[in-house]
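**Student:** Questions regarding the structure given below will be posed in turn.
What follows is calculated from the coordinates using simple rules that are stated; it is not laboratory data. Since the model is a prediction, treat every value here as computed from it, not as a measurement. Cβ: placed from backbone, ideal geometry, glycine included. Neighbour counts: every protein chain shown.
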Amino acid sequence: MADSGSHRDVDVLAVGGAGLDTVITLDRLPAHDEKVVGAFVGYMPGGPASNFACAASQLGLRVMTLSTVGDDEAGRLMIADFERFGVDTALVQVAAGRPSNFTICLVDPTGEKAVVVVPMLDEVLPLDLATRVLARTSIVFTMPNNREDFRILAAMAHQGGAAVMVDLEPTVAPERTDLLQLLSAVDIVSFNRDSFSVAAGEEPSIAAARRMLDFGPKLVIVTKGAAGSLAVTADDAAETDAFPVEVVDTTGASDTFNAAFVRAMLAGAPLAERLRYASAAAAIAVTGLGSRGHLPSDAEVQDFLVARGDTTISSAL
């Protein structure tokens, strides 16, 4: 899908998606018109593409972020957290005089969450900056909130020989036609259960995922939470269960899953092995509080799999 020649010294360019999570735990998620008391946990950098970037770097990939933060303490916290995880921040822009994007994350005792996203910055991608690194990049990863800019970015990425991977949620394109139109510019798409059901008009299955290949992508991934995950290409398909663990917080689990899948893919692992590796990484991630509360290293993922008797993972990883 991508030219993986030796001149490509950026494994992944993660585009957009930087925000600060305000994390609150409570006994149960509130019902409509109900007031509940919660406990403040803290302010934690988040955002799907940013979480992906940090998870991928923690797993050993060479990652850059192309993102914009506000000119405030939240923005400084986000840049510092990228650097903590080893993500290259040379392309981070600071929007002068503007506040950063933020979210409110409510987490119940089961680890399930409700998330309110509050965008404070326009989702305009600094595409001129992308030209500096696309010829050195293997995969461009983003959640395409600004569809016009995304199409330009995808065309630039393909021209430079990079593959394009997107994470799709219903908030990105709430209508089926919108989601399907995005796929024509995509090489790899990762759906969650809800976004897949919107795009496909049916529940996730190997057969249904394979039908999505007709719209453009070469690889379709579907994460289904505790029900596991599946992936298909034109000539291969795999499905795996989720690993049972004691869940603390599911926020960011799919971001870690996607990062680990890419880690295994770039190492040349077969499709089924990619899913097992990604599922293990996501299982570890949900044992920490916050979207980056426990981003595993490659060694942790490998140890996790070995402890569960999984000896199928390629030695290339």
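**Student:** Between Val36 and Glu112, what is the label-to-label distance in nm when each label sits 7 Å out along the Cα-to-Cβ direction?
**Tutor:** In this crude spin-label approximation the distance works out to 1.0 nm.
**Student:** How do the peptides 140-146, 213-219 rank, highest first, by the average count of neighbouring beta carbon atoms within 10 Å per residue?
**Tutor:** Descending mean neighbour count gives 140-146, 213-219.
**Student:** Counting Lys +1, Arg +1, Asp -1, Glu -1, what net charge surrounds Arg292 among other residues with beta carbon under 12 Å of its beta carbon?
**Tutor:** That sum, taken over residues with Cβ under 12 Å, equals -3.
**Student:** Let's test the formula: R0 of 30 Å, r as the Cβ-Cβ distance of Asp178 and Ser205. What FRET efficiency results, to the nearest 0.05?
**Tutor:** That gives a FRET efficiency of 0.85.
**Student:** Evaluate the charge dipole of the stretch 1-66 about its Cα centre and quote only its size in Debye, nearest 20, assuming +1 on the Cβ of each Lys and Arg and -1 on the Cβ of each Asp and Glu.
**Tutor:** So the dipole magnitude of the stretch 1-66 works out to roughly 100 debye.
**Student:** Something else now. Whole angstrom only: what separates the Cα centroid of the stretch 97-112 from the Cα centroid of the stretch 235-255?
**Tutor:** Going from one Cα centre to the other spans 21 Å.
**Student:** Sticking with this structure for a sec: Which three semi-axes in whole Å describe the equivalent ellipsoid of the stretch 15-149, each the square root of 5 times a Cα gyration tensor eigenvalue, listed largest first?
**Tutor:** 29, 16, 14
**Student:** Show which lysines lie in cross-link reach of Lys113 when reach means a straight Cα distance below 29 angstrom and same-chain residues fewer than eight apart are skipped.
**Tutor:** Lys35, Lys224
**Student:** If contacts are Cα pairs under 8 angstrom and at least 6 residues apart, what is the relative contact order of the stretch 136-287 in percent?
**Tutor:** Relative CO of the stretch 136-287 lands at 16 percent.
**Student:** Relative to the Cα centre, what is the charge dipole magnitude of the chain, using +1 at the beta carbon of each Lys and Arg, -1 at the beta carbon of each Asp and Glu, and rounding to the nearest 20 debye?
**Tutor:** Computed about the Cα centre, the dipole is about 460 debye.
**Student:** Any idea what the dipole of the stretch 111-247 comes to, in debye rounded to 20, about its Cα centre with Lys/Arg Cβ at +1 and Asp/Glu Cβ at -1?
**Tutor:** My answer is approximately 320 debye.
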